[in-house]
């Protein structure tokens, strides 16, 4: 087995953990390569996708941001991902830095794969943008902009319209991230659905909605010009949206396979990392 360690180079704890992980993986008989990420750089890094393509499994060392960064490459290359958390929460990570002994089980193939739905966001118009997201796609107003009206269409049928600061379109995986802080529900990660959660809606009647992942969702901000609304995918990019842009969100052609050592990893994470916060 060849393992690629994707390490958040900005965290000293991650660098120390990576050294220990390399020793344990090699002792277990695995080949090991290391790629250091710069969290301040959102552009694709030279050689990273080739490194992912050349490995059998990706191990991220950092927090959820490090895993989300690697997810974009791993999904395209159909490589499983194991997250080691040295961050504050690390909700997506299966392993804490105190549990590195589990790497021996990884090398022995004593694990299961938890397939996670991803979203594809496409902007047709001036932006010409396309991206895949494991957590969420966020459409939000610009700094200093007044509340914006968002029209939500499902299969070209208008299902909701409201004013607010934005809207979050999240996967079940992302239901425990930004959507949760905006008042959205937690979804079982195995649900095949898309969660739509308003951000600071100026209304008492704008509940979050869950749609089948087989649906095609469209968001319209037609009365606003470029610079007043933006789109981001898993926290990456900040694409200005214009009145003529057509924004569609649906199931991605890709999915992410998360390495799991326990059938109830998501619920264990909710119990240990979210309760009491």
Proxy reagent accessibility, fewest Cβ within 10 Å first, across 1, 24, 118
1, 24, 118
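At 222 nm, what value in deg cm²/dmol follows for the chain if DSSP H runs of at least 4 each add -39500 (n - 2.57) and the sum is divided by all its residues, to the nearest 500? Display every interim value, and only then the final one.
Values: 6 runs with 50 residues, N = 277.
Helices in the chain give a 222 nm mean residue ellipticity of -5000 deg cm²/dmol.
Find how much the distance from residue 143 to residue 181 grows on full extension, using 0.36 nm per residue of separation minus their present alpha carbon separation; answer in nm with one decimal. Spell out each step's value before the answer.
On the way: separation 38, 0.36 × 38 = 13.68 nm, distance 1.97 nm.
That works out to 11.7 nm of additional length.
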Ranked 112, 206, 171, criterion: other C-beta atoms within 10 Å, fewest first
112, 206, 171
Degrees separating the helix 12-27 axis from the principal Cα axis of the chain, which is the longest one
50 degrees
Beyond 23 Å, what percent of the Cα pairs of the chain remain?
53 percent
Over the chain, what is the percentage of antiparallel beta bridges among all DSSP beta bridges, to the nearest 5?
75 percent
Projected-area average for the stretch 118-253 over all orientations - Cα convex hull basis, square nanometres:
7.2 nm²
Gain upon complete extension [residue 261, residue 244; 0.36 nm per residue less C-alpha separation]:
1.4 nm
Extending each Cα 7 Å along its Cβ direction at residue 151 and residue 216, get the distance between those two points in nm, one decimal.
1.7 nm
Measure nothing fancy, just the Cα-based angle from helix 64-77's long axis to the longest principal axis of the chain, in degrees from 0 to 90, nearest 10.
90 degrees
Under a crude label model (7 Å from the Cα following the beta-carbon direction), how far is residue 203 from residue 23 in nanometres?
5.8 nm
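We did not get these values from a lab; they are worked out from the coordinates using the rules stated. All values derive from a computational prediction rather than experimental measurement. All Cβ positions, glycine included, derive from the backbone under ideal geometry; neighbour counts span all protein chains shown.
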